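Accompanying notes for the structure given below.
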Amino acid sequence: MQRITAAVSGRPMVAWRISGRRPPVVCVHGAGVSSREFLPFVEALGRHHDAWTVDLPGFGASAGPRHPLGLRALADALDEWLTAVELDHVVLLGGSFGCQVAVDAAVRHPERIAGLVLVGPTVDPAARGFVRQLLRWMRNAPQERVSMAALNLADYRDAGGRRVVGAFAESLRDRIEDKLPHVVMPTLVVRGAQDRMVPQEWAEEATRLLPAGRLAVVENSGHMVPYRQAQALAGLVTDFLARECAADGTGGAAGPHERRSAR
């Protein structure tokens, strides 16, 4: 796996890559964390496709400005990074808050994005509030691998409390439901069957709001599907790329709102 550093706004942004077939898939991590959560998935997908995972400014190994960036600025930094590493016609794969960053980038910079994969898209409008999200997070925790806790703590330490709190606050402010109808590219929504952060009802509603969306449910997984079920997710994404996001930009035959399960 290659470590690749590129300058964005004069600061280094760091990514990891396994090269392979187009289109490239770029993973965008959740609030307060980093690319660490995607490394198992990149290893799995990298056997078949060009797979990347990038640390947003101020998180993981990427430097950030003194003040935490808002969601819009994070999406712009992602777009600038794509230019810096000469990536185009990409598929953005967001996890949790990373879905919100990816959707914002796709709505405002659609010319360079071929498709989206939204894994555990936050925030469910029915639970937009700190206390409700905290309760859901606590209910979801038993569904995750124990080793995930150590990774999260390391990420929170690296980012610092101010950035972590700022990212979670941005996730609550952002109304992803207002942006989903403006996503013009094919989109796969993925939910872990035991995800307590993203209930089935919200996953189905998010898919319905998308002009070209379909939903897949991964069994035996909570919110962090890329870490817990990397192989199953890689299979879903490989199928999605073949059917919907071929390198020449043509779509496949699958219709919207198709529901699949992966074990």
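The values are calculated or read from the model by the stated rules, or taken from the named source; none is laboratory data. Only a predicted model underlies this, so the values are computations on that prediction, with no experimental measurement involved. Neighbour counts run over all protein chains shown; Cβ positions are idealised from the backbone, glycine included. Quick note on the areas: whole protein, heavy atoms, side chains included, nothing else; ligands and nucleic acids left out. Shrake-Rupley method; radii C 1.70, N 1.55, O 1.52, S 1.80 Å.
Among residues belonging to region 75-95 that are assigned to a helix (DSSP H, G or I) and in contact (Cβ under 8 Å) with a residue 40 or more places away in the chain, point out the one that is most open to solvent (accessible area, probe 1.4 Å).
So the first thing to find is which residues in region 75-95 are assigned to a helix (DSSP H, G or I), and the list is 75-84.
Narrowing the set further to residues that are in contact (Cβ under 8 Å) with a residue 40 or more places away in the chain leaves 77-78, 80-82, 84.
Values: Ala77: 8, Leu78: 1, Glu80: 82, Trp81: 0, Leu82: 3, Ala84: 51 Å².
For region 75-95, the residue satisfying everything is Glu80.
Give the residues of region 107-134 that are small (Gly, Ala, Ser) and either touching a residue at least 60 places away in the same chain (Cβ under 8 Å) or surrounded by 13 or more Cβ atoms within 10 Å (Cβ to Cβ) (or both), sorted by residue number.
Here is the first cut: in region 107-134, the residues small (Gly, Ala, Ser) are 114-115, 120, 126-127, 129.
Of everything in region 107-134, those that are small (Gly, Ala, Ser) and either touching a residue at least 60 places away in the same chain (Cβ under 8 Å) or surrounded by 13 or more Cβ atoms within 10 Å (Cβ to Cβ) (or both) turn out to be Ala114, Gly115, Gly120, Ala126, Ala127.
Looking only at region 20-34, count every residue that is touching a His at 6+ places or on another chain (Cβ under 9 Å) and surrounded by fewer than 24 Cβ atoms within 10 Å (Cβ to Cβ) and tell me the total.
Adding up the residues that qualify gives 5.
Being surrounded by fewer than 18 Cβ atoms within 10 Å (Cβ to Cβ), among the charged types (D, E, K, R) and either touching a Ser or Thr at 6+ places or on another chain (Cβ under 9 Å) or within 13 Å of Val42 (Cα to Cα) (or both) is the filter here; which residues of region 192-239 pass it?
Glu219
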